[in-house]
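The values are calculated or read from the model by the stated rules, or taken from the named source; none is laboratory data. None of these values were measured; they are calculated from a predicted model. Heads up, the Cβs are rebuilt from the backbone with ideal geometry, glycines too, and the neighbour counts pull from every protein chain shown. Protein only, heavy atoms only, side chains kept; ligands, DNA and RNA dropped before computing areas. Shrake-Rupley method; radii C 1.70, N 1.55, O 1.52, S 1.80 Å.
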Amino acid sequence: MHTGNQSQELRITLYSHDSLGLGHTRRNLAIAQALSDALPELTGRRLSGLLITGERTATSYRCPEGFDWLVVPGIRKRTGHYEARHMRVRSERLFKIRSSVIGGALNAFRPHIVIVDRHPLGIDGELIKPLKHLKAVKPETTLVLGLREVLDTPDVAAAEWQRVGVASITDLFDRIWVYGDRDIHDPVATGELPAQFAPMIEHTGLLASGRKFSGRHNSTVAPFVLTMLGGGSDGADVARAAAAAPVPDGVQHLVVTGPQMPAARRREVEAAAGPATKVTNKVSDGMSYVASAEALVSMAGYNTVAETLSTNTPALLVPRTTPRTEQIIRARGLGATGAVDWIEPARASAQMIGQWLSQAVSDPAVASRQSKARAGLRLDGLDRVVELAVDLAWLTDKSTTCITCHHTFPAGGVDHAAV
């Protein structure tokens, strides 16, 4: 462990664009919580953080100590373009607003570390000007691109990197963190990431173990099974089939549609629900429900899967297949390890889901098989992110003192060979 100037502030910003679902924000929130818990003690510096999101419902999540939200106007994806989710302005004006707000915040906050989730330049290049200006006025700032372990099919991913410009990423960013287990899925080997990125990449492991949850759930009487659809904007078909699925005797079924599911589709889910099934749009602490459930049915979004893998709850994944194939690639890879079960959406009928729930609840071998497989996965990504952030914090400090040898080193790290 190394300590710097005790009076110094360490400032970190995490950005997510948030056009569909809550996955990007939830991933950044898990990282922020891990950093808030560990960095002050590990660096001896006061941590101050800013979570930039384009989803206004994100503020319903508890913010980690030292962090606060900056919510920019929301967007949604239409065929071939993005548009305002709520405001009645043209896309050009919308992205000028978003870029100006982000730029003003970064200029005033002057973070030491910026972690950008998934879209390196933001949507329609909204981050280019803010990040370049920040680098100009504070060149010691480290820019990190954080990527989930699966992006899309290699040809689709390659086309996206070509549009963004590989050189623009390598010129602007200092590090790339891939939040995955390389043994399960290596996006460089598959061609989802350009070979030019390889020297910048650190595979952290899945952001699973260490996610915070209260352990309390108050809207369901145990025992219960659970269906969760993330944000819910594209989960209505799975939710409706799950709601209509037969439930084992003496077991309740809670279907959480997600806050972004359109009201009309949620009413369809409610109409399909059987007498032992309750439908709600959200719960306060989703992971507490996952950990306490007898079995889980969910889509295969990164965060729900990561949270599930950190528990012993047997899971059936029903991945979406459009507009990206990311979820089905993830479900197939994890399914091959035995850590989860999965079925294609076309086969996810109420009868099929009901049969799986019955087996998962009645046969302990299902949970035992999945738990044993999960123990072999690299799930310690949050710990690794903290380690990487500590390394970057050394680069931002004027000096670093090793508490083992009590020698003070210049910024840039510790070199005991020089002592």
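Here are the numbers for the structure shown:
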item: Of all DSSP beta bridges in the chain, antiparallel share, percent nearest 5; result: 20
item: Prolate/oblate/rounded call for segment 328-385, Cα gyration tensor, a/c under 1.5 rounded; result: oblate
item: Burial ranking of peptide ranges 381-388, 62-69, 305-312, 138-145 (average Cβ count within 10 Å, highest at the top); result: 305-312, 381-388, 138-145, 62-69
item: Cα gyration tensor shape of segment 240-312, rounded if a/c is under 1.5, else prolate or oblate by comparing a/b with b/c; result: oblate
item: For the chain, calculated [θ]222 nm from helices alone, where every DSSP H run of n ≥ 4 adds -39500 (n - 2.57); result: -11500 deg cm²/dmol
item: Inter-label distance, nm, simple model (7 Å from Cα along the C-beta direction), THR170/MET87; result: 3.6
item: 1.4 Å probe accessible area per residue over segment 1-134, in Å²; result: 43
item: Proximal lysine pairs, the chain, alpha carbons under 30 Å, eight or more residues apart or interchain; result: 17
item: Listed peptides 280-290, 369-379 by packing density, highest first (mean Cβ within 10 Å); result: 280-290, 369-379
item: Carbon + sulfur, % of accessible area of the chain - ligands and nucleic acids excluded, 1.4 Å; result: 50
item: Among (1) 69, 44, 40; (2) 69, 46, 44; (3) 68, 53, 40, the entry derived from the coordinates for Cα extents along the principal axes in Å; result: (3)
item: Segment 286-359 - accessible surface per residue (Å², probe 1.4 Å); result: 32
